[in-house]
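The values are calculated or read from the model by the stated rules, or taken from the named source; none is laboratory data. Here the structure is a predicted model, which is why all the values come from computation and not from measurement. All Cβ positions, even for glycine, are placed from backbone atoms using ideal geometry, and neighbour counts span all protein chains on display. With ligands, DNA and RNA removed, areas are computed over all heavy atoms of the protein, side chains included. Shrake-Rupley method; radii C 1.70, N 1.55, O 1.52, S 1.80 Å.
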Amino acid sequence: EQRLKARGRKPKVPRLLGGKYPRRERLAPNESQVNQFLRKLPAWVKRKMPCFIFKAQIDLAKEMGLLDNTIEVYIDYTNKDYYGKDRFPHNPYITGTHKGAGTNRTRKYCALMISSGTTRLFAGVFLTCKGQSKIPAIADALARLVDWGFTIKRVLGDREFSTYDVITTLTQMNLSYIGTMKRTVPVKKVIDDF
């Protein structure tokens, strides 16, 4: 080995008898292991799991002093490409996409990010169902935050959230909404009047 030092290739470590290298176990499960575990859970646990995780994240962040009682909430959708065999009629959580990497199917998640001081906490991820309104899941998550003692200063969202239904729902909840709007003719008229 000394004569090969600084001359290019490193000498190979010979394989042990039996032809196997020693394997190290991961510290966290990979996606396939998590999916295998989730398939074994009862349906009622799967339905309530996002709320349990959301509450646990918020409680831990409050316990660590990361969140004040006054927060801002950012809402957005995120897609996770899907490569399985399920299709829409049998699985309503599989939606179509034009942006997939090697697939035209995806799962769409509604995600919340909570801002408090210098902290940005990515919490509250809910799987959305194709053909159903996403507003109840958003309103439910915001209502939970208010029930847990938070004062929501404002809710911010992308252009896809700037719809009549979202703005009306948030107005009924006494929450102010800030978001981008598509510059349609009525919106331009309102801007000019303002």
Looking only at region 108-142, which residues are in contact (Cβ under 8 Å) with a residue 60 or more places away in the chain and assigned to a strand (DSSP E or B)?
121, 123, 124, 125, 126, 127
Among the candidates 59, 76, residue that is within 21 Å of residue 153 (Cα to Cα) and more than 16 Å from the chain's Cα centre (by Cα)
59
Look at residue 85 and say whether it is more than 17 Å from the chain's Cα centre (by Cα) and under 29 Å from residue 32 (Cα atoms).
yes
Quick check on region 118-125. Is at least one of its residues of a type outside the set (Val, Ile, Thr) and modelled with pLDDT under 85?
yes
If you scan region 106-137, which residues turn out to be surrounded by 16 or more Cβ atoms within 10 Å (Cβ to Cβ), among the small types (Gly, Ala, Ser) and under 13 Å from residue 92 (Cα atoms)?
none
Restricting the search to region 29-55, which residues are more than 18 Å from residue 137 (Cβ to Cβ) and open to solvent by 90 Å² or more (accessible area, probe 1.4 Å)?
31, 36, 37, 39, 40
Go through (1) closer than 15 Å to residue 73 by Cβ; (2) open to solvent by 20 Å² or more (accessible area, probe 1.4 Å); (3) of a type in the set (Phe, Trp, Tyr) for residue 161 and report which single condition fails.
(2)
Per the filter on region 56-90, residues outside any strand (DSSP E or B) and open to solvent by less than 70 Å² (accessible area, probe 1.4 Å) are 56, 57, 58, 59, 61, 65, 67, 82, 84, 86
